[in-house]
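Please read the structure below before turning to the comments.
The values are calculated or read from the model by the stated rules, or taken from the named source; none is laboratory data. Keep in mind that this is a model prediction, so the values were computed, not measured. Cβ coordinates were reconstructed from backbone atoms using ideal geometry, including for glycine residues, and neighbour counts include every protein chain displayed. Keep in mind that these areas ignore ligands, DNA and RNA; they rest on the heavy atoms of the full protein, side chains included. Shrake-Rupley method; radii C 1.70, N 1.55, O 1.52, S 1.80 Å.
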Amino acid sequence: MNKVQEITGEIPQKQLTIEDLRRMSEPVKRLVEAGRMLAVKRLVEAGRVLAVQEDQDGRRSARITLKDGQLCLHPLLRQPSPDHAHTLQESEVVGVLEPSRTVAFLDLGWAGSTRGRVTIRLTPDTPLARQFVLLCTGQRGHTYRNTKLLRVVKKGQLGEWVVGGDYESNDGEGGAPLLADLQGQYQRSGRAGAVWSWWDHRSAQFNITTRDRQGGHQWPCVFGDVVSGLDVVMAAVNHSDITEVTVVDCGVVLPL
């Protein structure tokens, strides 16, 4: 049976490892290795690879998907697992993230469909960036998934930005910080694409600047920059009602 599995590339349940995922992009020389890597890719594409977390309230799982050559970890949710799912421990999967190159994503949607993905490169090892990762992965039980964009500030003017991230009440009145101390060494920026927040009681809310500021003015507490999908945010800003725009999904990109 082992020989059959080697030839076909079949991977028995409970035998998938994080190293299998990390090796997906590596060149392989042996036929058996190539078969296994192809099998791993097929499992991911079929939605049969999950990261799981067990706690006192039961089990949560997060999908691992492949999009545009990037391996993506979605938020932990209480959801049924697909048949014949392969599981990895969530802590093991998150452990491959490197603070210096962490990329998060928000999928925005409105009018009944997903309009596009916004990918954000986070500032290395800052508390606001770590909090953003927690809310994109759901590691603490809360997530940006299904939250609304709340308002547009200075719409149509220089320095325009959009606000989102109220995971508590989804109306702008919530969004308490998940971390006790958010002070750190932050960048400042007045450029479109800057992702920033305030140090206050709703600091889990985030802001994305969509137009450059004027006169060299800069935002403090910048913890990330949009690397792709700023056009999606700008399209959301121009939607007739910003509160109809939803974070349909979110997560982080796993480095291969």
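For Arg151 and Asp57, the difference between the fully extended length at 0.36 nm per residue and the C-alpha to C-alpha distance is 30.4 nm. Counting only Cβ charges, +1 for Lys and Arg and -1 for Asp and Glu, the dipole size of the chain around its Cα centre is about 520 debye. Of all the options Gly216, Gly229, Gly116, the one that moves most in a Gaussian network model of the chain with Cα springs shorter than 10 angstrom is Gly216. Rounded, prolate or oblate: which fits region 37-115 when a ≥ b ≥ c are the square roots of the eigenvalues of the alpha-carbon gyration tensor, with rounded for a/c under 1.5 and prolate only if a/b beats b/c? It is rounded, given that a/c, with a ≥ b ≥ c, falls under 1.5.
Residues whose amide H falls under 5 Å from that of His86, counting only those 5 or more places apart or on a different chain, are Val49, Leu50, with hydrogens built in the peptide plane. Which stretch or stretches of region 120-150 have amide N atoms under 18 Å from the point lying 7 Å from Thr114's Cα along the Cα→Cβ direction? Inside the label zone: 120, 136-138, 143-149. Out of Asp181, Asp171, Asp231, any idea which swings most in a Gaussian network model of the chain, alpha carbons joined below 10 Å? Answer for the Gaussian network model of the chain: Asp181. Only helices enter the 222 nm calculation for the chain: every DSSP H run of n ≥ 4 contributes -39,500 (n - 2.57), and dividing by all residues gives -5500 deg cm²/dmol, rounded to 500. Close Lys pairs in the chain, defined as Cα atoms under 18 Å apart and 8 or more places apart or on different chains, number 4. Per residue, the average separation of C-alpha pairs within less than 8 Å and at least 6 apart gives region 69-161 a relative contact order of 25 percent.
Where the centroid of each part is defined by its Cα atoms, how far is region 151-220 from region 89-122 in Å? Measuring centre to centre over Cα atoms gives 18 Å. Shape of region 112-256 from the C-alpha gyration tensor: rounded (a/c under 1.5, with a ≥ b ≥ c the square roots of its eigenvalues). The ellipsoid equivalent to the alpha-carbon distribution of region 87-145 has semi-axes of 22, 15, 11 angstrom, derived from the gyration tensor eigenvalues as √(5λ) and listed largest first. Accessible surface for region 123-256, divided over its residues, is 44 Å² per residue with a 1.4 Å probe.
For the chain, the extents of the C-alpha atoms along the principal axes are 67, 40, 38 Å, listed from largest to smallest.
Rounded to the nearest 5, what % of DSSP beta bridges with both residues in region 42-115 are antiparallel? Here the antiparallel bridges make up roughly 75 percent for region 42-115. Computed over protein heavy atoms with a 1.4 Å probe, the carbon and sulfur contribution to the accessible area of the chain reaches 46%. Under the rule a/c < 1.5 gives rounded, and otherwise a/b versus b/c splits prolate from oblate, where does region 190-256 land using the Cα gyration tensor? It is rounded, given that a/c, with a ≥ b ≥ c, falls under 1.5.
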